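This report refers to the structure that appears directly beneath it.
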Amino acid sequence: MPTWDELFQDESFRWREPHQRVVAFARDLRTRGAQRLLDLGCGTGRHVVYLAREGFTVCGTDISPRGLELARAWLRDEGLEADLQLCDMTVIPYPDGYFDGIVSTYVIHHNLLEDIRRCVAEIHRALAPGGRALLIVQSTRSYSYGRGQPLEPDTFLREGGADSGIPHHYFDVAGLVDLLDQFDRIEIEELAWKDQAPGAEARPHCHWLVVVQKAERLPTRVTPSEARQSPPDEGEDCSPAPVAQVPVSAQGTASQ
């Protein structure tokens, strides 16, 4: 089973260009006044570098010392700064509500579901009220679903290719909505494309692009007597929290 340090020795794992949807997400965050961003699972630094170029205050976390070493070198070469921390995806070593935005592309599905849930809970904790996160995860519609050694429902250990031995968890829409139910808003879009080797059948690659938003403010729990004694301020919205909105597109394009 390769480690991420070993995988990052391979140039094909050292992506240089930012994902086009991260670029669009950063533009949206800027219009919302976001300043401090996290790249969770930053690898060799493609999004850390891009976001730092764009003038954000950037942090990055990764489990690979080699990946962080390469990211720091890239930042240094461009005269940029970012705070990079070595840690597992289930721990975000920053205070509650620290980030206006978080990105994590092709990362959090490389784990068992229990640890993915821990990771998502950490993302929610580390986001500021109203903060947004962009995630890209594996879809059960992908050709590779079900291939490899089963570890648990919808999780398989790859047995071939460069990332052989690395777990891959696959989601359907219902699984994503369940995973992300603590967020105030959920937007889901399918990213799909096909590759085809000569003489072979085209293989569909499918991921989910997810944008979630933390509630602007957390609900305050009061006793019935406190509720009677403390009427809401004039103009205060006392309606129930909105149900997560889940627009799903069956069409999509994807790039690294």
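The values are calculated or read from the model by the stated rules, or taken from the named source; none is laboratory data. No experiment lies behind these values; they were computed from the predicted model shown. Positions of Cβ are generated from backbone atoms using ideal geometry, with glycine treated the same way; all protein chains shown enter the neighbour counts.
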message = Within region 163-176, does at least one residue satisfy the condition of being within 14 Å of the chain's Cα centre (by Cα) and closer than 21 Å to F25 by Cα?
response = yes
request  = Within region 4-19, identify whether any single residue is among the aromatic types (F, W, Y), more than 21 Å from R125 (Cβ to Cβ) and modelled with pLDDT of 95 or more, and answer yes or no.
outcome  = no
query = Within region 166-187, how many residues turn out to be over 18 Å from L127 (Cβ atoms), of a type in the set (A, V, I, L, M, F, W, C) and part of a strand (DSSP E or B)?
reply = 1
message = Residue under question is G60, and the condition is that it be within 27 Å of H169 (Cα to Cα), buried (at least 21 other Cβ atoms within 10 Å of the Cβ) and at pLDDT below 95; does it hold?
response = no
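Being surrounded by fewer than 19 Cβ atoms within 10 Å (Cβ to Cβ) and touching a residue at least 24 places away in the same chain (Cβ under 8 Å) narrows it down to one residue among A133, A82, A121; which is it? Write out each step before concluding.
Numbers: A133 fails: surrounded by fewer than 19 Cβ atoms within 10 Å (Cβ to Cβ); A82 fails: surrounded by fewer than 19 Cβ atoms within 10 Å (Cβ to Cβ).
Just one listed residue meets the conditions, A121.
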ask   = Considering only residues of region 121-143 that are within 16 Å of H207 (Cβ to Cβ), in a strand (DSSP E or B) and of a type outside the set (A, V, I, L, M, F, W, C), which is nearest to the chain's Cα centre (by Cα)?
value = Q138
Residue within region 91-101 that is out of contact with any Ser or Thr (no Cβ under 9 Å at 6 or more places or on another chain), among the small types (G, A, S) and surrounded by 22 or more Cβ atoms within 10 Å (Cβ to Cβ) present = yes
remark   = When region 136-149 is checked residue by residue, the ones that are free of Cβ contacts under 8 Å to residues at least 60 places away in the same chain and touching a Ser or Thr at 6+ places or on another chain (Cβ under 9 Å) are Y145, G146, G148
Inter-residue pairs, beta-carbon under 7 Å, first of a type in the set (V, I, T) and in region 58-75, second in a helix (DSSP H, G or I), 6+ apart = V58/V48; V58/L51; V58/A52; I63/W4
query = Under 7 Å by Cβ, and 6 or more places apart or on different chains, what pairs join a residue from region 101-113 that is over 17 Å from Q213 (Cα atoms) and in contact (Cβ under 8 Å) with a residue 40 or more places away in the chain with one that is in a strand (DSSP E or B) and aliphatic (A, V, I, L, M)?
reply = Y106/I136; V107/L40; I108/L135; I108/V137; H109/V137; L112/L151
